[in-house]
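See structure below.
The values are calculated or read from the model by the stated rules, or taken from the named source; none is laboratory data. Small disclaimer: the values here were computed from a predicted structure and weren't measured. Here the Cβ positions follow ideal geometry from the backbone for every residue, glycine too, while neighbour counts run over all protein chains shown.
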Amino acid sequence: MKITFIPENKLIIANEQETILQVARRVNIPIEATCSGQGTCGKCKVKILSGRASSLSKAEKELLTQEEYGNGTRLACKVYAKDDFIIERINNKNVNVRKAVTTVLPEDFNLMPRYHQIKNTIAKYDNAKQIEQSKEETQEKVDETCHYGIAFDIGTTSVVGLLWNLDTGEQRGIKSKVNPQRIYGADVISRIQYSTQSIENQKELQQLIVYCCEAIILELIQIESIHLSKVCDVVVVGNTTMSHLFLGESVEGLARAPFQSSYQGMVHMQAYEIFKSMDKDARLIVLPNIAGHVGSDITAGLLASDIWSRKGNIIFIDIGTNGEIVFKNENKVYACSTAAGPAFEGASIHEGMRAEEGAIEGVKIEGSRITLEVIGGKEPIGICGSGLIDAIAELLRIGVLDDTGRILEKETLKLIGVKEDIIDHIIETDKGNHFILYQNDQRNIVLTQKDVREVQLAKAAIYAGIVTMLKKASLEPKNITELIVAGAFGNYIKKENAVRIGLLPEIPINDIKLEGNTASLGASMVLLSKKYEDELESHINHIEHIDLAMDADFMEFYIEAMNF
């Protein structure tokens, strides 16, 4: 059978056993499927312009409206062609991630470029099967023509690269791209599942992320008119799964408890072993993971936030699909990760999207007026994580949502005095009520009852993780001295709304510090100074990892934290 994809105008030969999503993936046509083709997210919508399709699946009956099905819309992961097809991708806009924020080094930063600090150790890297530290001291020649380095933060959703002048400590460029592995799922679990199906899948995921990083490198050096041979150091951080996939390591051990890495410690290697176009003298460092799903992005974040010098009871948290939490006081350092899910990345939300142009990033309700902040100042096309938190916080505040998370019926809202203009935004359905955030002649952008439940699951996991960490030290949320919110997402949330929905504990707002992308900063610090690499190595083994899956307290706190 012949399948033609619009707007690419690409004609592909397919067989009856392939879903449209499988065909698209085979020829690198991007169709977003944040659930990795499981039929649960509803994001892979395509429109059949001509041709006979398989009958409607159970998932499509649940996720598509009658209007959508009537106009030829289907889920690419569930529909099969029965004869020649012409298909239009619905979500075919170009993806532009929110502009990366410039990284600022600490005021007391001690510049000590590593190409002046002769390394004594080189890692041996055996086809992604074993990484072992060489104990032999190796004298390296200093390449005086090498003056630049790149720090990478490889996230589940996006990849950020920063170009640094190693002589001056000056940031010369920053680029971010959507992680191309996203077509195989929005969260690490989906990618682990895909990777472990075959060695070919594992290699494909490595290739995708390596090509993405190489593209960032080339864009950065072209902007600055720098020859690639002048880039002599690369430092990489990421969550545990991303680090493994980048190195081509098996993620089998991360699929189930006790969630063990297939390699340990800091990785030193020659950069060309990963980036084939780089000079053979260039070096690559991958910072160490802590344990389980607490990865090197958190290791770098702890370094950047200078957590070891801060006094009192400190909580460090990176809010994402794998909400990682670290607790530190004078006596102990604990770390854990919570399966918060991709709600705050927009993946499991009906109108959810990444923080890119057209995303609602802020919501304010005053009287009868709903004010939206939209990235790029354009007409909204969906809602991202920060907007989701705002929307739920505002609906809680005015009484549209009750403490259990239920979007109340119109009659109930009238009885409690909610304004009529706000009540008009309610759509009552047999699958729970919806709230219209924005509408025009073509479409509504709504917050559904299921969306609220997804947020409840995510925020409960993170809050319960925080409380569990505190209990290990016989403390409560009121005992927190500082709560550090890291990650790019942390640049944009409103602290008071995060507290209102129960994502963060109720402590003085000034004690909550939004420190942004600490992973990129920490990676850059190690890139620019050997001192910080040594500092990391002196602390990393003193962090105690807590496996929440095996912790009875966590489940109790999780259930308690479900309500608002």
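Structure above, values below:
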item: Candidate set: region 311-335, residues that are buried (at least 16 other Cβ atoms within 10 Å of the Cβ) and among the charged types (D, E, K, R); chosen: the one farthest from T518 (Cα to Cα); result: K328
item: I31 vs. criteria buried (at least 20 other Cβ atoms within 10 Å of the Cβ), touching a strand residue (DSSP E or B) at 6+ places or on another chain (Cβ under 8 Å), among the hydrophobic types (A, V, I, L, M, F, W, C) and outside any loop (DSSP other than H, G, I, E, B); result: no
item: Some residue of region 311-331 being among the acidic types (D, E) and assigned to a loop (DSSP other than H, G, I, E, B); result: yes
item: Residues satisfying the stated conditions in region 385-402, i.e. surrounded by fewer than 24 Cβ atoms within 10 Å (Cβ to Cβ) and within 22 Å of A186 (Cα to Cα); result: none
item: Qualifying residue in region 79-86 (condition: surrounded by 15 or more Cβ atoms within 10 Å (Cβ to Cβ), part of a strand (DSSP E or B), at pLDDT below 90 and not assigned by TED's automatic domain parsing to the domain that holds E357); result: yes
item: Residue that is nearest to the chain's Cα centre (by Cα), among those in region 268-297 that are surrounded by fewer than 21 Cβ atoms within 10 Å (Cβ to Cβ) and of a type outside the set (D, E, K, R); result: F275
item: Qualifying residue in region 332-353 (condition: assigned to a loop (DSSP other than H, G, I, E, B), among the acidic types (D, E) and in contact (Cβ under 8 Å) with a residue 24 or more places away in the chain); result: yes
item: When residues of region 205-252 are limited to those that are surrounded by fewer than 17 Cβ atoms within 10 Å (Cβ to Cβ) and free of Cβ contacts under 8 Å to residues at least 24 places away in the same chain, the one nearest to E273 (Cα to Cα); result: Q207
